[in-house]
Amino acid sequence: MDTDPTGSGDSDVLIMGDLNAYAREDPITLLEGEGYTNLAAAFLEPDEFELSFGFPVDLDRAPQSQTFGALDYALASGSLAGQITGAAEWRINALEAEVLNYNTNFLPIDQIDDLYADDPYRSSDHDPLLIGLQLGDTLLL
């Protein structure tokens, strides 16, 4: 990120998405060490963001007796962090019942059609994180 890979010239950077790393793994701790703020951790209660994608994180305990880890992140650069007004998780996907999972390989076509709806629900196996922004002045190039 130090090299400005998008060529924007703006130090306000928001990294969002499925980073496939838990909070204590190197990719996340590296970004936080570089001054990025984990917005879910900053704005949400731990039980609100630990379930964005359900994998147990403590290998020494049984999965049913522990919380789950988040793989989805919104990380703000130091210059952008002060312009964040809030964060909320939109619970539309991750806690689907197993019977409604995304594997349709063995389902008859009518059952697949019955699961479809023209709405945002069941659109992913992750819950999106919504971020509020109050941006400062625009950088004129």
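The values are calculated or read from the model by the stated rules, or taken from the named source; none is laboratory data. These numbers were taken from a predicted model, which means no experiment stands behind them. Please note: Cβ atoms are built from the backbone with ideal geometry, for glycine as well, and neighbour counts cover all protein chains shown.
Odds and ends about this structure:
- Residues that are crowded, with 17+ Cβ neighbours inside 10 Å and part of a helix (DSSP H, G or I) within the range 23-35 comprise Ile28, Leu31, listed in sequence order.
- When every residue of the range 35-53 is checked against the conditions, at least one turns out to be modelled with pLDDT of 75 or more and of a type in the set (S, T, N, Q).
- Failed item in (1) over 25 Å from Pro120 (Cβ atoms); (2) modelled with pLDDT under 75; (3) exposed (fewer than 13 other Cβ atoms within 10 Å of the Cβ), with Thr67 passing the rest: (3)
- Where a residue in the range 108-120 is in contact (Cβ under 8 Å) with a residue 24 or more places away in the chain and more than 21 Å from Arg91 (Cα to Cα) and its partner, wherever it lies, is hydrophobic (A, V, I, L, M, F, W, C) and part of a loop (DSSP other than H, G, I, E, B), with Cβ under 6 Å and at least six apart: none
- Filtered residues of the range 8-22 (kept if charged (D, E, K, R) and either in a strand (DSSP E or B) or exposed (fewer than 14 other Cβ atoms within 10 Å of the Cβ) (or both)): Asp18
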